1. Got a sec to turn the phi values of region 125-131 into Karplus ³J(HN,Hα) couplings, 6.51 cos²θ - 1.76 cosθ + 1.60 with θ = phi - 60°, whole Hz, x for Gly and Pro?
2. Could you grab the relative contact order for region 1-40? Cα pairs under 8 Å, six or more apart, rounded to a whole percent.
3. Averaging over all projection directions, find the projected area of the Cα convex hull of region 2-139 and quote it in nm² with one decimal place.
4. Which net charge results when you count Lys and Arg as +1 and Asp and Glu as -1 among the other residues whose beta-carbon is under 10 Å from that of Leu108?
5. Using a 7 Å offset from the Cα along the Cα-to-Cβ direction at both Ala147 and Asp39, what is the distance between the two label points in nm, to one decimal?
6. Magnitude of the Cβ-charge dipole of the chain, K/R +1 and D/E -1, about the Cα centre, nearest 20 debye?
7. Can you work out the base-10 log of I(q)/I(0) for region 1-78 at q = 0.15, 0.18, 0.25 1/Å, using the Debye formula on its C-alpha atoms alone?
8. Round to the nearest 10 and give me the degree value, 0 to 90, for the angle of helix 75-89's Cα axis relative to the longest principal axis of the chain.
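FYI, it's all coordinate maths here, none of it is from the lab. Computed from a prediction, not measured in an experiment: that's the story for all the values here. Here the Cβ is made from the backbone with ideal geometry for all residues, glycine too, and neighbour counts use every protein chain on show.
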Amino acid sequence: MSLELVRVKFDEAAKFVREHHRHHTPPVGHLFSIGAEFDGRLVGVAIVGRPVARHRDDGSTAEVTRLCTDGTRNAASFLLGRACKAAFALGFRRIGTYTLGSESGASLRGAGWRLIGERGGGSWSVPSRPRIDKHPTEPKLLWELEA
């Protein structure tokens, strides 16, 4: 049996992320979410939204804000490929995502994405706006694919 693409409501995708993601909680919202099913069971989700970085939010760029699987073989690459096709079908010209510097990016390379480079990590907490970091603060890698 092979992986099948399914539409997933945001609440269902967020629940999957809460239950399976190693280091992130669900994002606040999305443009769309998709899932991968294997043998009738949801094995992964991709949540696509607007870019988090203001300078990348140009109206023609989408961002995979969460990608999460239960470890099913090829589910991550499958979801990345389908997220690109869906975003491009909606008129986006570019899609991006970030990984931790400690992650290999194998699924992204497998889906044809290109490494753009390292982006800063660090805390979002500053004296004028103290925060408790709920995410890893190590440097991130930016990946992209253009239509």
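1. My calculation for region 125-131 gives 7, 10, x, 7, 8, x, 9 Hz in order.
2. Numbers: 45 pairs, mean separation 24.3, N = 40.
This gives 61 percent for region 1-40.
3. Details: hull surface 35.0 nm².
Value for region 2-139: 8.7 nm².
4. Details: positive: Arg109, Arg114; negative: Glu103, Glu144.
Neighbourhood net charge equals 0.
5. A separation of 3.9 nm, rounded to one decimal place.
6. Working: 22 positive and 16 negative charges, 58 e Å.
It works out to roughly 280 debye.
7. Log10 I(q)/I(0), no solvent term: -0.50, -0.69, -1.14.
8. Taking the Cα atoms of the chain, the angle to 75-89 is about 80 degrees.
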